[in-house]
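One structure is given below, encoded as structure tokens.
The values are calculated or read from the model by the stated rules, or taken from the named source; none is laboratory data. Just so it is clear, the model here is predicted, and its values are computed rather than measured. Reconstructed Cβ throughout: ideal geometry from the backbone, glycine too, with neighbour counts over all protein chains shown. For the accessible areas, the whole protein counts, side chains as well, though only heavy atoms, and no ligand, DNA or RNA atoms are used. Shrake-Rupley method; radii C 1.70, N 1.55, O 1.52, S 1.80 Å.
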Amino acid sequence: MKWTIEFTPDSAKEFKKLDRYTQKMIRGWMVKHLLDADDPRATGKPLKANLAGYWRYRIGDYRMICDIKDERIVIVVVKIGHRWEVYD
């Protein structure tokens, strides 16, 4: 199954603020683990409390919080950033 990845306007800004090396690392991880995945939930973890319904992906010291839309086969990146800052 071929998934597509979309960014919200805020997450796109956050991604552009990251240094080039980190952007390349995250982009490569997304291609390897999400685009051709049968189930994108296999590599992530569900979030709880105020972020219930979202999924977290760990990419080194960075975290990507996503909303998975099964009916459209889309993974929407809601927030992306360093692990200390992403849950605020």
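Give me the compactness ratio for the chain, meaning the Cα radius of gyration over 2.2 N^0.38 Å.
On the way: Rg = 12.1 Å, N = 88, 2.2 N^0.38 = 12.1 Å.
That works out to 1.01 for the chain.
Accessible area per residue for the chain, computed on protein heavy atoms with a 1.4 Å probe, is 66 Å².
Residues in segment 37-48 carry Karplus couplings, in order, of 6, 6, 9, x, 6, 5, 9, x, 10, x, 8, 10 Hz; the curve used is 6.51 cos²θ - 1.76 cosθ + 1.60 with θ = phi - 60°, and Gly or Pro positions show x. In this structure the amide hydrogen of residue 79, modeled in the peptide plane, comes within under 5 Å of the amide hydrogens of 65, none closer than 5 places in sequence on its chain. Out of the total accessible area of the chain (probe 1.4 Å, heavy atoms of protein only), what percent is carbon and sulfur? Percent of accessible area from carbon and sulfur atoms in the chain: 52. Only the Cβ atoms of Lys and Arg (+1) and of Asp and Glu (-1) were treated as charged; on that basis the dipole of the chain about its Cα centre amounts to roughly 240 debye. Note that segment 14-26 has calculated 3J(HN,Hα) couplings of 4, 5, 5, 6, 6, 5, 4, 4, 5, 4, 5, 4, 5 Hz, one per residue in order, obtained from phi through the Karplus relation 6.51 cos²θ - 1.76 cosθ + 1.60 (θ = phi - 60°); glycine and proline are x. Packing-based ranking of 39-49, 57-67 yields 57-67, 39-49, ordered from highest to lowest mean Cβ neighbour count within 10 Å.
Spin-label model, residue 42 to residue 74: label points 7 Å out along the Cα-to-beta-carbon direction sit 2.4 nm apart.
Its relative contact order, with pairs defined as Cα atoms under 8 Å and 6+ residues apart, puts the chain at 33 percent. For segment 74-83, 3J(HN,Hα) computed residue by residue from phi via the Karplus equation (6.51, -1.76, 1.60; θ = phi - 60°) reads 10, 10, 9, 7, 8, 8, 8, x, 5, 4 Hz, glycine and proline entered as x. Taking every DSSP helix (H) stretch of at least 4 residues in the chain, weighting each as -39,500 (n - 2.57) and dividing the sum by the residue count yields a mean residue ellipticity at 222 nm of -6500 deg cm²/dmol.
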